[in-house]
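Structure, as structure tokens:
What follows draws every value from the coordinates through simple rules; no lab data is involved. Only a predicted model underlies this, so the values are computations on that prediction, with no experimental measurement involved. Virtual Cβ from ideal backbone geometry, glycine too; neighbours counted across all protein chains shown.
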Amino acid sequence: MRERLGQLAKHYKQSEIAQATGVPVTNVHYYLQGRRIPGEFCAALIDRLGVNPAWLMSGEGAMLLSDVNADESDKAGDLLELVQAMNAIIRMK
């Protein structure tokens with residue numbers, strides 16, 4: 001996932017990623033350097049930047065949801081639901 005975040009950082013500036021996801025730029029830098037990437041951050045990438053969850057999680061398909069076909073879109077929706085469920089469980093702990 002870190003490798004794909006690095007690819008995303010070539011497409012968007014770290015400051016743009018930070019602003020879109022609501023985290024400090026330093027956190028984006030830390031995630032790129034090896035710190036654990038929180039599920040909430042991944043969900044924000046998907047929700048606010050339109051990142052394809054299938055690509056983010058597994059490297060499959062296009063980087064952005066705007067570039068996916070119908071089959072990929074269905075899989076992306078399923079993965080987005082999974083990420084949201086995981087975040088809900090984390091928040092309950």
Quiz item: Counting Lys and Arg as +1 and Asp and Glu as -1, each charge on the Cβ, what is the dipole of segment 1-43 about the Cα centre in debye, to the nearest 20?
Solution: 140
Quiz item: Could you give the alpha-carbon Rg of segment 1-47 over 2.2 N^0.38 Å, rounded to two decimals?
Solution: 0.97
Quiz item: Points 7 angstrom from Cα along the Cβ direction at residue 10 and residue 33: gap in nanometres?
Solution: 2.2
